[in-house]
Structure formats: C-alpha cells, structure tokens
C-alpha cells in the first residue's frame with residue numbers, strides 16, 4: 001500500500017475531531033439534529049483550519065446510513081465513500097481550476113438530479129473566490145433556490161473577494177486560526193500514535209511557524225520525520241526551516257541595542273554559514289521585535305510563548321524604548337520588501353541593519369546624548385538644508401507625508417519603496433516639489449522619475465493636500481548622508497558576494 005501523508009491520515013473524520021472551532025461544530029451539530037439546515041453555507045478562514053474537512057463531515061452527517069445524525073458512524077458504505085472521495089452524491093469542485101461560466105452551467109444542470117446513494121447531494125466548492133464574475137452570476141439563482149435535496153458548501157480563504165450577492169445567500173461560518181496550544185496538543189497526539197519522539201522546544205517552533213494552520217504544522221512534522229527519523233530535536237526544525245534560532249534572534253537584539261556594527265555583520269555572516277535563509281531571518285527578526293513591542297505596551301499576554309521565552313524577551317525589552325522598537329520594525333519591513341526584487345538578500349539585510357544602527361547614533365547626537373556634543377549644534381547640522389516656504393505649502397506636505405506614502409503604496413509599490421528613501425526639501429520657483437535623495441540613492445531617484453511613478457506620487461499629493469505639484473527629484477548635498485546604499489554596495493561587490 002502506498003504511503004499516506006500525515007495530514008491526510010489525521011484529517012478530522014467527525015465533528016468531535018475538529019480542532020479549535022467549537023462554535024462552528026456546535027452550530028452544525030444542532031442544525032443536523034434539529035433539521036434546521038441552510039441550503040448554502042459559506043466557510044471562510046485561513047488555510048489549514050478545517051474548512052474542507054468540516055464540509056465532508058457535514059456530508060457524512062447527512063448521508064450516513066444511521067442519519068441524518070450529528071455523529072456519523074464513519075463505517076457504513078456512504079461514510080466510507082465520502083471519506084475516500086468516491087461518493088457520487090458529494091461533489092468537490094476546485095474553483096481555482098474550474099472557475100469559468102461553462103463549469104457552473106454544467107453544475108446547474110446536474111443539480112436538478114436526485115441523489116443516487118444518500119439523502120442529499122452536497123456540492124463543496126473550494127476557493128470559491130477564484131470564480132469569474134460571470135461564473136458567480138450564473139451561480140446566483142441556483143444558490144438562492146436549490147432543490148430540497150441539495151446543499152452547497154462554499155469555502156474560501158479570501159472572504160473579501162466573494163461578492164455580497166453570493167455571501168448574502170449563504171449562512172456564513174468563520175473559521176479561526178488555531179491557538180498554539182491546540183496545535184501542539186494535536187501534534188503530541190500524532191507523535192505518540194505514530195511512535196515519534198519530539199523535543200518540547202521543537203514542538204513549540206513547529207507550532208509557531210505554522211501560524212495557526214494545523215495542516216501546515218502536520219505537513220512540517222511529516223517532513224521532519226523524513227529528515228530526522230523518529231527523534232526530532234529543536235535544531236532539526238531550525239535547519240529544515242532555514243529560520244533564525246533563539247540564540248541568533250536574541251543575539252541580534254543585543255547588538256542592535258548596543259549599536260555594535262561589527263558584531264551585527266558578524267551575526268549575518270554566521271547565519272549565512274549555518275544555512276539560514278536571509279529573507280526568513282529578516283521575517284523572524286520582524287516578529288522578534290514585534291514581540292518586544294507587545295511587551296513594551298503591556299500586551300505580553302497576547303503572545304503565545306513559553307514562560308522561559310517570555311522572561312528572556314522581557315529582559316531584552318528593557319534595553320529599548322517603544323519608539324526605537326517601532327523604528328527597527330519599520331526598517332526591517334522595508335528590507336523584506338526590497339528583497340523581493342534585489343538579487344542579494346544578505347546585502348539588503350546588512351544595509352538595513354547598518355542604517356538602523358547609524359541613524360540611531362545620529363539621533364542620539366542630535367539630542368546631545370553623545371559625549372562632548374551640544375544638541376543645538378547637532379540640530380543645526382541635521383536640519384540646516386531644509387527650507388521653510390513662507391506660504392506653508394511645504395509644511396502641509398510634510399504633515400501629510402506618511403499618508404502620502406501609504407496612498408502611493410496602493411498605486412505603485414515600486415514608487416512607494418523609492419519615495420520612502422526621499423524627503424520633501426522645497427517648493428522651487430517653478431512651483432515644483434523637490435524631493436531630495438541621499439548620496440548613493442540615485443537608483444531610487446531614477447525609478448521615481450519614471451512616468452508612472454511620478455504620476456502616482458503627484459496624484460497622491462493632490463488627493464491629500466488638494467493641490468497638484470509636479471515633482472522634481474535631486475541628489476541633495478545637504479541631505480542626511482546614507483550609511484550605505486544597496487545599489488552602490490551591490491555594484492562595488494558585484495560578483496564577489498557569496
């Protein structure tokens with residue numbers, strides 16, 4: 001017999017086995033028990049939370065030889081056929097690959113026929129949001145008034161893409177992400193039944209990396225068994241995921257707090273040598289500082305972490321201010337975005353970290369925190385290049401700058417990334433808004449000068465200030481010097497980066 005993957009083998013087979021969805025389970029059990037079934041259900045929620053499994057269980061409950069029953073036997077011919085996917089009365093449609101009007105027209109024709117083996121025909125349409133607009137329109141009438149022997153279950157991970165005309169004709173049930181303890185408990189149950197040994201820290205990391213999706217957690221466990229054998233330890237999970245382990249994350253936190261540029265680059269090199277994925281390390285760092293942010297604002301109880309891990313986080317959180325943590329998260333998030341189109345992910349992370357350390361040092365100098373430097377002198381050095389127009393129009397643009405960035409982001413992601421590296425300097429004699437870039441940031445300047453990006457920025461400024469300004473991009477001598485430029489360093493190290 002061929003091997004069956006763990007997530008298929010351990011798929012829930014009755015309502016009592018569905019994990020983490022008590023409200024939905026109770027609703028459906030009562031509906032079956034009291035004969036109050038809706039003609040159409042809309043199951044929405046993140047991947048791997050039990051939507052399709054629950055739809056199949058509902059089909060079993062309706063067509064079981066002992067039913068309709070809220071506790072299907074799982075052993076009769078109908079239950080066996082539904083479990084194996086061979087029931088002629090339970091039709092599963094993948095809307096991602098059957099998304100056109102022709103497929104829905106065919107469904108409408110088949111709906112009229114009575115079930116052959118059970119009491120109900122159950123149509124399960126997975127990822128229903130992938131249907132075309134024409135297909136949705138063709139489905140409307142059938143969905144509103146299906147034959148009495150037919151029930152529809154529509155499943156989606158993107159509820160916002162399902163037309164309201166469809167959603168309003170269904171009874172909607174929202175599946176929640178599973179809690180860490182629910183995932184860990186189920187994985188322990190599987191490990192015990194399958195004869196695996198798994199370290200507690202490894203179990204915790206698997207659960208957190210699944211991000212609330214049980215299927216992802218079980219699939220990772222299956223992969224780990226192939227990788228490690230029947231004894232799984234924490235380091236195996238770290239190696240397989242290419243993620244940053246606890247030591248690396250807390251190490252980064254310490255050196256960022258101390259401002260040691262040499263050590264921060266050494267940690268990046270260490271991560272590379274250990275086979276870590278730089279985009280994954282960046283994501284892990286973002287979540288690490290997100291955890292610190294929660295502790296800074298007093299919402300540490302929302303973090304699903306062990307007590308030992310929380311104690312270590314609390315100790316490190318004392319080394320940062322809340323504003324500093326938010327600044328680090330913003331810088332790392334920009335780096336993660338840049339990695340999507342930059343060929344050297346390691347370089348992007350190195351530059352981002354150096355800029356975060358460099359900008360923090362400059363900020364300290366500006367506040368007079370550095371020995372022997374007067375704050376007034378520093379402030380003069382940092383802001384002397386900014387002109388203040390008499391009519392206040394530049395001030396208005398600066399006031400709305402963050403909102404302008406977010407509006408540009410919706411129109412042009414590339415324009416947003418480049419504009420993030422610039423700053424409004426002045427409105428010149430020709431009425432143009434001059435956006436200055438630091439030395440070494442010509443790449444971003446040139447990208448903003450592309451017509452589609454310029455138009456996106458000009459339109460965003462008009463929407464938020466009520467006045468349209470043509471933009472002009474310059475390399476500003478007075479702008480704050482960049483610690484490093486991704487493009488410049490990339491050109492310098494071209495062909496030399498490991």
Hits in the range 172-197 - residues which are touching a residue at least 60 places away in the same chain (Cβ under 8 Å), in contact with a strand residue (DSSP E or B) (Cβ under 8 Å, 6 or more places away or on another chain) and surrounded by 17 or more Cβ atoms within 10 Å (Cβ to Cβ): 173, 175
Against the condition free of Cβ contacts under 8 Å to residues at least 12 places away in the same chain, crowded, with 18+ Cβ neighbours inside 10 Å and closer than 25 Å to residue 141 by Cα, how does residue 59 come out, does it pass? no
By residue number, the members of the range 64-87 that are assigned to a helix (DSSP H, G or I) and surrounded by fewer than 16 Cβ atoms within 10 Å (Cβ to Cβ) are 77, 80, 84
Which of the residues that make up the range 88-109 are over 11 Å from residue 124 (Cβ atoms) and in a loop (DSSP other than H, G, I, E, B)? 88, 89, 96, 97, 98, 99, 100
On the given criteria, is residue 454 under 24 Å from residue 396 (Cβ atoms), surrounded by 15 or more Cβ atoms within 10 Å (Cβ to Cβ) and touching a strand residue (DSSP E or B) at 6+ places or on another chain (Cβ under 7 Å)? yes
Exactly one condition in (1) loosely packed, with under 14 Cβ neighbours inside 10 Å; (2) over 22 Å from residue 53 (Cα atoms); (3) under 33 Å from the mean Cα position of the chain (by Cα) is not met by residue 97; state its number. (2)
Can you work out which of the residues in the range 31-48 that are assigned to a loop (DSSP other than H, G, I, E, B) and free of Cβ contacts under 8 Å to residues at least 60 places away in the same chain is farthest from residue 127 (Cα to Cα)? 34
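Residue-wise test of (1) within 15 Å of residue 182 (Cβ to Cβ); (2) modelled with pLDDT of 95 or more; (3) within 26 Å of the chain's Cα centre (by Cα).
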{"residue": "4", "(1), (2), (3)": "no, no, no"}
{"residue": "11", "(1), (2), (3)": "no, no, yes"}
{"residue": "16", "(1), (2), (3)": "yes, no, no"}
{"residue": "20", "(1), (2), (3)": "yes, no, yes"}
{"residue": "25", "(1), (2), (3)": "yes, yes, no"}
{"residue": "38", "(1), (2), (3)": "no, no, no"}
Which of the residues that make up the range 242-279 are surrounded by fewer than 20 Cβ atoms within 10 Å (Cβ to Cβ) and farther than 30 Å from residue 227 by Cα? 254, 255, 257, 258, 259, 260, 261, 262, 263, 265
Of the residues 306, 282, 239, only one is touching a residue at least 12 places away in the same chain (Cβ under 8 Å) and crowded, with 19+ Cβ neighbours inside 10 Å; which? 282
Please specify each residue of the range 131-170 satisfying the condition of being assigned to a strand (DSSP E or B) and within 28 Å of residue 7 (Cα to Cα). 151, 152, 153, 154, 155, 156
Is one or more of the residues making up the range 110-129 touching a residue at least 12 places away in the same chain (Cβ under 8 Å), assigned to a loop (DSSP other than H, G, I, E, B) and on the phi > 0 side of the Ramachandran plot? yes
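The values are calculated or read from the model by the stated rules, or taken from the named source; none is laboratory data. Predicted, not measured: the structure shown is a model, and the values here were computed from it. Counting neighbours? That spans all protein chains shown, and the Cβs are built from the backbone with ideal geometry, glycine included.
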